[in-house]
Every structure is written in C-alpha cells, then in structure tokens.
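The values are calculated or read from the model by the stated rules, or taken from the named source; none is laboratory data. The structure presented is a predicted model; accordingly, all values stated were derived computationally and were not measured. Methodologically, a virtual Cβ is constructed for each residue, glycine included, from the backbone with ideal geometry; neighbour enumeration extends over all protein chains shown. Surface accessibility is based on the protein's heavy atoms, side chains included, excluding ligands, DNA and RNA. Shrake-Rupley method; radii C 1.70, N 1.55, O 1.52, S 1.80 Å.
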Amino acid sequence: MSRTPIVVGNWKLHKGIADALALATEVKNQLSALRDVEVGIAPVFTALHAVGKRLDGCPVALVAQDCFWQEQGAWTGEVAPSLLADVGCRYVIVGHSERRQHFGELDAAVGLKARAVLAAGLAPILCVGETDRERDANETFARLRAQLAGALADVPAADAERIVVAYEPVWAIGTGRSATPAQAQEVHAFLRAELRDRFGDVAAKMRLQYGGSVKPENAAELLSMPDIDGALVGGAALEAAKFVAIARAARRA
Ligand code: 13P
C-alpha cells in the first residue's frame, strides 16, 4: 500500500507575521517542486492569513495548530474550523500534548474537535502519545488506545482516510531524545492495527506521522520504517534548512 508521506512543521508559539512570511517563503521556494511528499506548515493563528496568501497556488499546505468545535456563538477567544478553511488551511492539528498537558484538554474534547474539522471539510492531524511515566508503567498501548477511542468515536469509516494520526511520545517532544526507529515503528504498527479494528481496510491508507525531536540526523531512519508515513516537526521546523532536509528525507525510494 503506497501512502504519500506528509511532513508538517508545527511552529508552536513562534514567529510573528514578518518572520513567518520569511520562513514560509523559503519553504515554498525550496519544497514546492518536491514530488511524492506532502509538506505543510503551521504558523500561529495571527500569521495564518498572511502565510496562506503567500502559499496560494503552491502545494505547501497551510495547517492550523488547534481549533474549537463550535461553528459560532458566545465562545470568546475561540476559532472555528470553517474560519480556518476561510484563510486557506487544509489541516488542523488536534490534541497536541501541549494542549492536553497545559490546557486540560481531554480525549472527548479532542474528539469534538476532530469531528468539527472533518465537518468543515478539513483534515485533522490527531496527536496521541504517552508520557514517560506511562511508558515506564507499561501503559503506553492502553493510553494510546484510550486516546484513539476518545478522538475517533462516531467518526465514520468514510472520513477515516482524511485523518492523519501523529504519534508524539511526550517524553520525546522538545527534549532532543527521539524515540528509536524500532520504538516508533512498534507503536505505529499498534496504531494501524487499532485503526484497522475501528475502520477496516481503509486503515492501510491512513497516514501515521512520528513527532518528537525529529531532526535531519534521524529523519531518514525514522521515515524508512514501514508504518511511519511522515513527521510532525517542532523545533527543527523553525529553520528552513533543517525542515527542508527532513522533508526531502521523507521521499520514498
Ligand atoms: P520537537 O520536534 O521540538 O520535539 O516538537 C515535536 C512536536 O511537538 C511537534 O508537534
């Protein structure tokens, strides 16, 4: 089953409009011609519109870092998926561990967001991952199963192919300590089996990203694993040269 790898840069809380445009322009210039890999960048909300205009007509996808699940109403400070579509987003990250950890997001809320993203015609990048405490306690698979169950309840199999699942072990995010390719592959194979139980054969077409201290030095090996179909990149995505090298490493032979 051939799946087009997808490499997304999650810029987190970095780069105002001017800096975001400069980095987006470098990514666009260096990666627009890249074949057989889908590339996306996720700037802060306030830079989405400007970056979206810069990417207009270019294959690099605009990605939002989060969203709310309601379309409109008295929800001060929130942003609806349709508004993200309005500025040109194609993907929305939901359930990032930083949202879960620092903003109290629970699996059920992540599920509401994932379904709202799908309803707006966009694709969710659903983040899952265990903490080091959970890994040490042998709870990794139970935690991941619960995260998938919460986020994917009531999602019909017809929508599954649009969903990207990002495995981001919390202990590997921003620590410089990536999962080994074998560790990541073991989890990705587990995730695909869970997705097959839930959605059937379409699971073979779903793309599973790895995230957590991905850098040019480890990208090729991680991305060569059979169930790793791309990367969700944090720190290294803030430097064009590193992000470009990672995206190029995703090209399958
Ligand atoms: P780092 O690549 O900085 O570890 O961050 C990973 C991440 O959280 C991407 O969403």
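Within segment 138-173, how many residues turn out to be open to solvent by 50 Å² or more (accessible area, probe 1.4 Å) and part of a loop (DSSP other than H, G, I, E, B)?
Total satisfying the criteria: 6.
Any chance segment 200-217 includes a residue that's of a type in the set (G, A, S) and at pLDDT below 95?
No.
Looking at segment 120-132, I want the residues that are closer than 23 Å to L62 by Cβ and have a partner that is among the charged types (D, E, K, R) with Cβ atoms under 6 Å, at least 6 apart or on another chain. Which pairs are those?
A123/R162; C127/E168
It is to be established whether one or more residues within segment 59-75 are modelled with pLDDT of 95 or more, among the β-branched types (V, I, T) and touching a strand residue (DSSP E or B) at 6+ places or on another chain (Cβ under 7 Å).
Within segment 59-75 (the criterion being modelled with pLDDT of 95 or more, among the β-branched types (V, I, T) and touching a strand residue (DSSP E or B) at 6+ places or on another chain (Cβ under 7 Å)), the answer is yes, since at least one residue qualifies.
What residue, of V92, V8, is under 23 Å from G150 (Cβ atoms), touching a residue at least 40 places away in the same chain (Cβ under 8 Å), under 19 Å from the mean Cα position of the chain (by Cα) and surrounded by 15 or more Cβ atoms within 10 Å (Cβ to Cβ)?
Just one listed residue meets the conditions, V8.
Hey, among the residues in segment 212-252 that are within 14 Å of the ligand (Cβ to nearest atom) and of a type in the set (D, E), which one's surrounded by the fewest Cβ atoms within 10 Å (Cβ to Cβ)?
Per the stated criteria, the residue is E217.
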